[in-house]
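Colleague: Below you'll find the structure I mean.
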């Protein structure tokens, strides 16, 4: 039943449009049948016109009833459904869209900016056993493909995302991976793999990585942040 309500809510406009068009068609049919009934002289002719009038009127009533039912369901019933039953949008992640840092458009080096202090990376969120990065560990030196393992299984889980930051003031968090499947040390996923980062796409240096886990209400505990040193 919940799936039907969510389907009607998502397609409310199309359903109402189709029912409205059907209502107009049968309204015209009712008018024609009524005029035909008034013009009928013989009994058989009147009987046919009356039958058509009843049939068209019934279909018109169904179309109008359908529009009313859709309005009631989408206005009063559907909003009362628990948030956990609603699909959660998951970010689309493409590693092909990750910029290769280190060179400009014509091969010139980027201007150097004052880096963010690596010690300012807050690992407080890693104390949450339901949303943490287990490996690699904070401060570890890595290269090539880095496989992140950990836990992403908070109450009301919706999705998680793994992101990195190159510690420059003008930079933003960029996606490594994302999923709407919970990951936990026991029972959910035997590999407890959060994602894989191909560090050959970025230049060597210090980076911050964070795990953000979100529930169905859009809430997220403080992210687990670690610092990694990428070597050639």
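The values are calculated or read from the model by the stated rules, or taken from the named source; none is laboratory data. This one's a predicted model, so the numbers in the text were calculated from it and none came from an experiment. With ideal geometry, Cβ positions are generated from the backbone for all residues, glycine too; neighbour counts draw on all protein chains shown.
Colleague: Out of the residues in the range 16-35 that are surrounded by fewer than 17 Cβ atoms within 10 Å (Cβ to Cβ) and touching a helix residue (DSSP H, G or I) at 6+ places or on another chain (Cβ under 7 Å), state the one that is nearest to residue 59 (Cα to Cα). Even if it seems obvious, please write down each step before you answer.
Modeller: Here is the first cut: in the range 16-35, the ones surrounded by fewer than 17 Cβ atoms within 10 Å (Cβ to Cβ) are 16-18, 20-21, 24-25, 27-28, 31-32, 34-35.
Next, only the ones that are touching a helix residue (DSSP H, G or I) at 6+ places or on another chain (Cβ under 7 Å) stay: 16, 20, 27, 34.
Details: 16: 15, 20: 12, 27: 9, 34: 15 Å.
Per the criteria, the residue is 27.
Colleague: Based on this model, can you work out whether residue 196 counts as assigned by TED's automatic domain parsing to the domain that holds residue 135, crowded, with 20+ Cβ neighbours inside 10 Å and not in a loop (DSSP other than H, G, I, E, B)?
Modeller: Details: assigned by TED's automatic domain parsing to the domain that holds residue 135: yes; crowded, with 20+ Cβ neighbours inside 10 Å: no; not in a loop (DSSP other than H, G, I, E, B): yes.
So residue 196 does not fit the description; no.
Colleague: Report every pair of residues separated by at least 6 positions or lying on different chains whose Cβ atoms are under 8 Å apart, first residue within the range 37-63 and touching a residue at least 40 places away in the same chain (Cβ under 8 Å), second surrounded by 15 or more Cβ atoms within 10 Å (Cβ to Cβ).
Modeller: Going by the 8 Å Cβ cut-off, the qualifying pairs are 63/19; 63/22; 63/23; 63/26.
Colleague: Okay, moving on. Scanning the range 40-58 for residues that are farther than 23 Å from residue 24 by Cβ and out of contact with any helix residue (DSSP H, G or I) (no Cβ under 7 Å at 6 or more places or on another chain), which turns out surrounded by the fewest Cβ atoms within 10 Å (Cβ to Cβ)?
Modeller: First, the residues of the range 40-58 that are farther than 23 Å from residue 24 by Cβ: 40-48.
Going one step further and asking which of them are out of contact with any helix residue (DSSP H, G or I) (no Cβ under 7 Å at 6 or more places or on another chain), we end up with 41-45, 47-48.
On the way: 41: 6, 42: 8, 43: 8, 44: 8, 45: 13, 47: 12, 48: 15.
So the residue we want is 41.
Colleague: Out of the residues in the range 59-85 that are over 28 Å from residue 27 (Cα atoms) and surrounded by 14 or more Cβ atoms within 10 Å (Cβ to Cβ), state the one that is modelled with the lowest pLDDT.
Modeller: Result: 81.
Colleague: Could you please let me know if residue 179 is surrounded by 14 or more Cβ atoms within 10 Å (Cβ to Cβ), without any contact (Cβ under 8 Å) to a residue 24 or more places away in the chain and in contact with a strand residue (DSSP E or B) (Cβ under 7 Å, 6 or more places away or on another chain)? Before you say what the answer is, go through the steps one by one.
Modeller: Values: surrounded by 14 or more Cβ atoms within 10 Å (Cβ to Cβ): yes; without any contact (Cβ under 8 Å) to a residue 24 or more places away in the chain: no; in contact with a strand residue (DSSP E or B) (Cβ under 7 Å, 6 or more places away or on another chain): yes.
It is false that residue 179 is surrounded by 14 or more Cβ atoms within 10 Å (Cβ to Cβ), without any contact (Cβ under 8 Å) to a residue 24 or more places away in the chain and in contact with a strand residue (DSSP E or B) (Cβ under 7 Å, 6 or more places away or on another chain).
Colleague: With 144, 156 as the choices, which residue is in contact (Cβ under 8 Å) with a residue 60 or more places away in the chain, surrounded by fewer than 20 Cβ atoms within 10 Å (Cβ to Cβ), in contact with a helix residue (DSSP H, G or I) (Cβ under 8 Å, 6 or more places away or on another chain) and at positive phi?
Modeller: That would be 156, the only listed residue that is in contact (Cβ under 8 Å) with a residue 60 or more places away in the chain, surrounded by fewer than 20 Cβ atoms within 10 Å (Cβ to Cβ), in contact with a helix residue (DSSP H, G or I) (Cβ under 8 Å, 6 or more places away or on another chain) and at positive phi.
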